[in-house]
Amino acid sequence: MITRAIAVAALLAAAACSAQAGGYRAERFGDSIAGINATAGLRAFQRDHAREIRGTFNASNCAECHALPAIGGSQTLRADFVIKQDGPGGAVTFDRYAVTNDVARFRYPQGRYYLRKPPSLYGIGLLEAVPAAELQSIADEQARKTPAHRGRLAVLGHGVVGRFGWKADIPTLPAFVATAFAIELGVHRPGDVMPVTHFLRGLAPPPASAPRDVSDGRRLFAGIGCADCHRPSLRIGKFEAQPALNGAAIDAYTDLLLHDMGQSNAELPEGAASATEFRTPPLWGVGKAAPYMHDGRARTLSEAIAMHAGQAADSAARFRSLTHAERAALVEFLRSL
């Protein structure tokens, strides 16, 4: 396995590389990437679709589940998390409301169900622009250098690669938006899919916190193995929404690959992912994203790290073995992303 000293050096080099790109981080949560006008898409993202909803649904507009700390974020209310249940072939969404005679009535899930926190959407267009070949290269590198933390591509039907959702079960941003309209909003012939897609493609990653020295935390993050999966830098390909960013390195802190998170985090199979596998979530803006984990069980970043199991169990154990000051430094680094 690659030594932790080399891992630290790789992390510092990758972070420096991604910092050179610039121009894609927001000044405020919910801003668009500089030079992109997504006003129409923002209106569509917030548009109420109550009159169009037929059957079952979870919300009447996108912003109901993606509004904190600003438009494009997630939720903080556990009761409002997406509910998943076992269905043919894996996970299915249980919709909390049903429309009957134009009246919405609350529904209660039956049997065993699982909570899913709505994913933050900041920077999602940049993640879409990472070529599948780049992700495969990362998986190959992990297999060679850090095999205990190796991830795998979420290869879906017809060989397409999934990259969106907690289980990487959706391959493209238009498919992600269309699926949300159909499953979460109960709108099956929406006219807003492309405007919302355009808005999300231009939605900037959240602002990094005020500059301060977090070098100790950065070294610890790499030293205990977090950076093996939460990769500090990804190289995007063509980015049509803002061509000036073509080929840029982005500091998303993810590899967009599936990793086994252990039986303590097991849920439902979905797409190419098994019950214990989840896509590595990006960490930019994580300081404002509480609660944590796919189901919001963790109230703090320290709790979230400690809950990592499976392939990440060794990193969680190393985190627990750190001194109080070292754990605080690592968390401070995460809050700076």
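A short reminder: the numbers here are calculations on the coordinates, not readings from a lab. Given the structure is predicted, the values throughout are model-derived calculations rather than measurements. Please note: Cβ atoms are built from the backbone with ideal geometry, for glycine as well, and neighbour counts cover all protein chains shown.
Just to check I understand the Karplus step: with θ = phi - 60° and J = 6.51 cos²θ - 1.76 cosθ + 1.60, what whole-Hz values come out for the stretch 255-266, glycine and proline as x?
These are the phi-based 3J(HN,Hα) values: 10, 6, 9, 7, 9, 7, 9, x, 5, 5, 10, 4 Hz.
Order of 227-234, 82-89 by packing, highest average Cβ count within 10 Å first?
So the peptides 227-234, 82-89, ranked by packing, come out 227-234, 82-89.
Determine which residues of the stretch 149-176 fall in the zone a paramagnetic label at residue 132 would reach in this model, i.e. backbone nitrogen under 12 Å from the point 7 Å along Cα→Cβ.
153-163, 171-172
When the Karplus curve 6.51 cos²θ - 1.76 cosθ + 1.60 is applied with θ = phi - 60°, which whole-Hz ³J(HN,Hα) does each residue of the stretch 287-302 get, with x for Gly and Pro?
These are the phi-based 3J(HN,Hα) values: x, 10, 10, 5, x, 10, 6, 5, 10, x, 5, 8, 7, 10, 5, 4 Hz.
Work out the charge dipole of the chain with +1 on the Cβ of Lys and Arg and -1 on the Cβ of Asp and Glu about the Cα centre, then indicate which of 311, 180, 131 is farthest towards its positive end.
So the residue furthest toward the plus end is 311.
What list of ³J(HN,Hα) couplings, whole Hz, do you get for the stretch 160-172 from phi and the Karplus terms 6.51, -1.76, 1.60, once you set θ to phi - 60° and write x for glycine and proline?
6, 9, x, 8, 10, x, 4, 10, 6, 9, 10, x, 10
Mean Kyte-Doolittle of at least 1.0 and a Cα length of 18 Å or more along the axis: which whole DSSP H helices of the chain meet both?
4-21
When a/c is below 1.5 the answer is rounded, else prolate if a/b is larger than b/c, else oblate, so apply that to the stretch 67-225 with a ≥ b ≥ c taken from the square roots of the Cα gyration tensor eigenvalues.
Prolate shape, in that a/c is at least 1.5 and a/b is the bigger ratio.
Near residue 117, which lysines are there with a Cα under 21 Å away, not counting those fewer than 8 places off in the same chain?
Within the straight-line cut-off, residue 117 pairs with 84, 167, 288.
For the chain, what does -39500 (n - 2.57) per DSSP helix run (n ≥ 4), summed and divided by total residues, give at 222 nm, in deg cm²/dmol to the nearest 500?
Computed mean residue ellipticity for the chain: -8500 deg cm²/dmol.
Grab the other residues whose beta carbon is less than 11 angstrom from that of residue 93, score K and R as +1, D and E as -1, and report the net.
Once all neighbours under 11 Å are counted, the net charge is 0.
Using Cα-Cα distances under 8 Å and only pairs 6 or more residues apart, what relative contact order does the stretch 4-335 have, in percent?
23 percent
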